[in-house]
Each structure stands twice: as structure tokens, then as C-alpha cells.
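What follows is a single structure, written as C-alpha cells, with notes after it.
Here, each number is a calculation from the coordinates, and none is a lab measurement. Quick caveat, the model's predicted, so the values are computed rather than measured. Note that each Cβ is placed from the backbone with ideal geometry, even for glycine, and that neighbours are counted across all protein chains shown.
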Amino acid sequence: MRYLTILAAAALAGCSTGTFDNRNDFKGQPFSAVQSKLGWPDQQETIAGQKVYTWFRGTPLFQCKIRVVMAGDIVESYDTSGDASICSPYDSRPK
């Protein structure tokens, strides 16, 4: 049982480091780069002439909100807010 616990911990650690670091730094990239990673947005609006796209992950109680603000066809800002454990796969900051 102890080895199974260690193996599970190692597998989870592999999921939260390495290829996941900085993988969502979409600033300066086209919208298609974000869409290919997250799919179609759950919400779209125009604020002060800029398109703002929002994705929601998780459940209403434990949710991550992913927000992208566009400057034309290029991502101006990308940020996440909400439950840290749900947002971590979508976060752009290094772990």
C-alpha cells in the first residue's frame, strides 16, 4: 500500500510540473491558440471595444474562471481566478 501511495503521489506531481509550467502564457498569441487549448468560450462580450472571452471550469462551488481580453486578433491579457486547485492547470504563472 505504501508503494501505491508513493506511485500515486509521483504521478500527480508529474501532472503539475514540467510540461505544465508556463504552458498557458497566451499573451501576444492569436485567439486560435487559446481556443485550441480550451475549446469554445462559455461567454463572450465586448467591453470598451475589446472582445472578452470567458471559460468556466469545475462546479459552481469550486470554480475556475479563465478570462481572455483581446486587442484585435491578439491576446492582450490572460488570467484565471477562483479555486486554486481547479485553476492550476490553466494558470499562466510558473509553479
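What the table shows:
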{"read-out": "Local electrostatic count at Cys64 - Lys and Arg +1, Asp and Glu -1, tallied over other residues with Cβ under 12 Å", "value": "-1"}
{"read-out": "Under-5 Å amide H pairs with Tyr90, H placed in peptide plane, nonlocal only", "value": "none"}
{"read-out": "Rounded to whole Hz, the Karplus (6.51, -1.76, 1.60) HN-Hα couplings of the range 62-69, x for glycine and proline", "value": "10, 10, 10, 10, 10, 10, 10, 10"}
{"read-out": "Cα centroid separation - the range 63-95 against the range 24-54, whole Å", "value": "10 Å"}
